[in-house]
1. Out of T12, T91, I need the residue that is of a type outside the set (D, E) and closer than 25 Å to V121 by Cβ. Which one?
2. Looking at C110, C52 in this structure, which one is farther than 23 Å from R16 by Cα and not basic (K, R)?
3. Say whether the condition of being under 21 Å from G193 (Cα atoms), part of a helix (DSSP H, G or I) and in contact with a Lys or Arg (Cβ under 6 Å, 6 or more places away or on another chain) is met by at least one residue in segment 260-278.
4. Among the residues of segment 94-104, is there at least one that is free of Cβ contacts under 8 Å to residues at least 60 places away in the same chain, part of a helix (DSSP H, G or I), open to solvent by less than 70 Å² (accessible area, probe 1.4 Å) and not basic (K, R)?
5. Where residues in segment 230-255 are farther than 25 Å from E195 by Cβ and in contact with a helix residue (DSSP H, G or I) (Cβ under 8 Å, 6 or more places away or on another chain), which of them is most open to solvent (accessible area, probe 1.4 Å)?
6. Could you check, for segment 52-63, whether at least one of its residues is hydrophobic (A, V, I, L, M, F, W, C), in contact (Cβ under 8 Å) with a residue 40 or more places away in the chain, more than 23 Å from K101 (Cβ to Cβ) and open to solvent by less than 10 Å² (accessible area, probe 1.4 Å)?
Amino acid sequence: MAAELKPVYLITGADRPKIQRALRRLRSRIGEEAVELLSADDASGADAVAACNSMGLLGEQRLVIVEDVERWKAADVKSLAEYLGDPAPDTVLALVAAELKKDSALAKACAKAGEILTYDVPKRRLGDWVSTQFKERGVQVDAEGARVLVEIVGENPEELVSEVDKIATWAGSDAVGVREIEQLAAGCAEVPGYELTDAWGRRDLAGALTACQTLIERSGDPVSRTVPALIGLLVAHVGRVRACQALAEEGLSPREAASRLKRHPFYVEKLYAQARNYDSDELRGVMVRLAALDHAVKGGSRLAVDLELERALIDITRPRGAAAAAA
């Protein structure tokens, strides 16, 4: 037997697909013909209260959904809190917010009269979240494939779910991996740079230069904007590799380091492998070279910024033997 519905549900979080599923469950319980949709962009708290009360007069159970309630001001919240003290008996009110503090006045009023449903996407474990989405659709994806999908698409849950749906439909009951993800996923992320950082990590100069050119062409932004973004990507990645190298020197395993860094063990294992390809002096030199590159593209050089980036990639990525010979 289904549980009795509460007078109000406050549904929050960044996991928009789960929020939509929660709303669909409410709609199915009450019936589409008895649903009224409002938005806090143009509906005040008093408007929502009026909708609840007028619907309740019809003598059947109704559902009022109000989106974006984080936009409401104090007066709107006051109207809702007063209503929730004596809500219409035949109306369910669903308030949807992308983000709302637990100690806010609206959250407290909803918790007292009904229920708060929070659906967050764990940013540091977004790959795990993607894997779960595939699993719910009957498709297995390996950890690297899930990570690559995030790199290509970006961190927007709705865009990720859209790509998961598309790839799962194509896959049927077959498992998917990196190759399938790369072939099928549509790039939405501003700079999906795993190809570049992976090539640098394995000291694959040809791969790094190819990835660099592909990323610049695929970006859709001017080169003057894309190149600084790629430099930032490299600086952040090399910094993580250096951190893992230091943790390895402390005697920490990749799994222990993953716990300390709050990152997926598979990703940290990859960072550990890359750290083994460079000694500490080399990594320090890479950071110095990237700092010089950053200065060059911000006016310190007359060369084209993409050419400066390619020159820096040659310096920081070439095989160890070539680097020693150059020195």
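The values are calculated or read from the model by the stated rules, or taken from the named source; none is laboratory data. Because the structure is predicted, anything quoted here is derived from the model rather than measured. Heads up, the Cβs are rebuilt from the backbone with ideal geometry, glycines too, and the neighbour counts pull from every protein chain shown. Heavy atoms of the whole protein, side chains included, go into the accessibility calculation; ligands, DNA and RNA do not. Shrake-Rupley method; radii C 1.70, N 1.55, O 1.52, S 1.80 Å.
1. T12
2. C52
3. Yes, segment 260-278 contains at least one residue that is under 21 Å from G193 (Cα atoms), part of a helix (DSSP H, G or I) and in contact with a Lys or Arg (Cβ under 6 Å, 6 or more places away or on another chain).
4. Within segment 94-104 (the criterion being free of Cβ contacts under 8 Å to residues at least 60 places away in the same chain, part of a helix (DSSP H, G or I), open to solvent by less than 70 Å² (accessible area, probe 1.4 Å) and not basic (K, R)), the answer is no, since none of the residues qualifies.
5. Here the answer is R255.
6. Scanning segment 52-63, I find at least one residue that is hydrophobic (A, V, I, L, M, F, W, C), in contact (Cβ under 8 Å) with a residue 40 or more places away in the chain, more than 23 Å from K101 (Cβ to Cβ) and open to solvent by less than 10 Å² (accessible area, probe 1.4 Å), so the answer is yes.
Each row is one residue, and each column tells you yes or no for (1) open to solvent by 50 Å² or more (accessible area, probe 1.4 Å); (2) over 19 Å from R318 (Cβ atoms).
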site: A211; (1), (2): no, no
site: R260; (1), (2): yes, yes
site: Q274; (1), (2): no, no
site: V288; (1), (2): yes, no
site: V297; (1), (2): no, yes
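Residues checked against (1) touching a residue at least 12 places away in the same chain (Cβ under 8 Å); (2) open to solvent by 10 Å² or more (accessible area, probe 1.4 Å); (3) touching a Phe, Trp or Tyr at 6+ places or on another chain (Cβ under 9 Å); (4) among the hydroxyl-bearing types (S, T, Y):
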position	(1), (2), (3), (4)
G127	yes, yes, yes, no
T132	no, yes, no, yes
K135	no, yes, no, no
V141	yes, yes, yes, no
E144	yes, yes, yes, no
E155	yes, yes, no, no
E159	yes, yes, no, no
